[in-house]
Structures are given as structure tokens and as C-alpha cells.
Amino acid sequence: MPLYFQPMDSAVVNKEIKTVIRPDLREAGFARFTARTAWRYSPEKIDVVSFQSFNSYLADCLGCTTYSFCLRLGCSFAAIPRKEAIKRRNGSLRPEEYECHFRRHLEKSVEQPNLTRGDVWVIDPDGDNLGIIVADARKAILDIGLPWFGQFSDMNEVLRTLLEESESDQSTSGFGADPSPARDFMTGFVAFSLGKTKLARDRIGKALDSGCFKEFEGRMQATLGEMESKELA
């Protein structure tokens with residue numbers, strides 16, 4: 001017998017996420033919510049948890065219901081300039097996961113032979129498996145997501161990642177290939193925040209010379225000028 005007697009749709013899924021997962025996110029410090037997104041704020045960064053559903057076209061292509069979901073995480077760092085287009089609500093920035101500097105997708109641990117793609121939690125048309133699926137998503141957040149966020153609470157670890165790691169769908173992405181203007185840009189500003197001026201000057205200079213960051217050219221020039229002034233003082 002189906003667990004849910006009302007017609008299945010995204011609103012039913014949203015209610016289950018709110019009931020099962022939001023208490024854990026609140027306990028972990030997440031303070032702002034919409035039906036599918038949560039934000040946590042600290043001086044160093046904004047953490048984002050996003051449950052992403054599918055429109056009819058994508059659902060048909062994947063072979064799942066529109067209220068199935070992917071689970072995406074993001075870290076938006078205060079040390080790295082953010083785009084002006086990021087939305088605000090009640091004075092607080094609310095970046096989307098795809099606007100974050102570091103990103104990660106989580107994967108399910110339940111077996112779903114009808115769709116083996118690991119990053120899609122498939123909810124059956126009648127909702128029979130809704131409880132199991134949301135519980136599994138909760139487990140992924142607690143076991144993998146929260147430790148991932150914690151790793152990047154240390155800006156020295158952020159810098160190490162930028163200097164030494166490669167992007168990976170199984171760990172962390174969003175910061176560009178090595179070398180690339182995107183990685184130079186992020187590395188330069190993180191290094192600057194840590195007082196590593198030689199590295200900061202080199203990488204910000206490369207990012208500026210690339211011409212890829214028109215929106216931030218003034219910020220980059222000002223930061224380079226600030227470092228030069230300190231060295232001359």
C-alpha cells in the first residue's frame with residue numbers, strides 16, 4: 001500500500017525534506033532556508049546545501065520523476081570576490097550552489113536499478129520509497145557533506161587545495177584546471193587573505209592579465225596596489 005495517499009509531487013517531497021533533514025541542518029548551524037536550499041554563514045564562508053529537482057524534459061531524459069533530486073553542496077568564500085548578481089534576502093547573501101567557488105555533489109547509497117546514476121535519488125511515481133530516499137540523502141549529508149564543509153573552514157586548507165588538488169566530481173570542483181585564470185584568481189585572493197603576498201601578487205597579476213574577470217578588474221588592481229604600498233612603507 002502506498003505510504004502517501006495524496007498525489008505525489010514536489011510539495012510532498014519538500015515536506016519530507018523539511019521534516020527529516022532540516023532539523024539536522026539547523027543543529028549544524030544552517031539558518032536560512034527555502035524549500036530546497038539551506039545556507040550557513042560564518043566569517044570565512046557561506047555553505048550551501050541544494051536539493052535540485054528536474055523539469056519534465058530532463059526527467060524524461062534521465063528516466064525519473066520530476067520530483068526526484070540531486071544533492072549539491074557549495075562553499076562561497078568571503079576572501080574571494082563574489083559576483084554582484086548573487087541574490088540577497090533580508091541583507092544576507094544567498095548564493096546558489098552553482099555560484100559557489102567550491103562545489104561538490106553527493107551520491108546515494110541505496111541501489112536503484114532503474115537509474116544507476118549515482119547522483120540522482122529517484123522517487124517512485126507513487127512515492128512508495130520517499131522515506132527511504134530522503135533518509136539516504138540525510139545520511140549522505142551527515143556522513144560526507146558536513147565533514148566536507150568542515151574541511152574548508154580552514155583557509156590554509158582552501159589554499160592547499162587550490163595549489164595541489166585537481167578538480168573531481170567525487171570530491172571538490174568549481175575552481176578550474178591547473179593552470180587556469182579561474183584558479184589563479186581564487187588562489188591569489190585566498191593567499192592575500194592569509195598574508196602570503198608574493199603568491200597573491202603573482203596569481204592576481206596573472207588573473208588580471210588574462211582579461212577574464214572584467215567585473216573584478218578594479219578589485220584586482222586595488223589589491224595589487226595595496227600590496228605594493230605595504231611593501232614600500
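A few notes on this one:
- Reciprocal of mean inverse Cα separation for segment 176-232 (Kirkwood radius, Å): 11.0
- Computed over the chain, the per-residue total of -39500 (n - 2.57) for DSSP H runs of n ≥ 4 gives a 222 nm mean residue ellipticity of -12000 deg cm²/dmol, rounded to 500.
- Binning the C-alpha pair distances of segment 1-102 at 10 Å intervals from 0 yields a P(r) profile of 14, 39, 31, 14, 2, 0 %, listed from the shortest bin outward.
- The chain: relative contact order in percent, alpha carbon pairs under 8 Å with at least 6 residues between: 16
- Taking the Cα centre of segment 10-157 as reference, the dipole from Cβ charges on Lys and Arg (+1) and Asp and Glu (-1) amounts to some 720 debye.
- Most tightly packed first, judged by the mean number of other beta-carbon atoms within 10 Å of their residues, the peptides 132-142, 78-88, 7-17 read 132-142, 7-17, 78-88.
- Packing here is the average count of other Cβ atoms within 10 Å per residue, and on that basis the peptides 44-55, 221-232, 190-201, highest first, run 44-55, 190-201, 221-232.
- Dmax and Rg, reported as Rg then Dmax, of segment 106-227 (C-alpha, Å): 19.8, 61
- Sites ALA135 and GLU215, calculated FRET efficiency, Cβ-Cβ separation with R0 35 Å, nearest 0.05: 0.25
- For the chain, with +1 on Lys and Arg beta carbons and -1 on Asp and Glu, the positive-most of GLY127, SER229, LEU146 along the dipole: SER229
- For the chain, a Kirkwood hydrodynamic radius built from all Cα pairs, placed in the Stokes-Einstein relation at 37 °C and 0.692 mPa s, yields a translational diffusion coefficient of 170 µm²/s.
Just so you know, all these numbers are worked out from the coordinates, no wet-lab data involved. All of these numbers come straight from a predicted model, not from anything done at the bench. Virtual Cβ from ideal backbone geometry, glycine too; neighbours counted across all protein chains shown.
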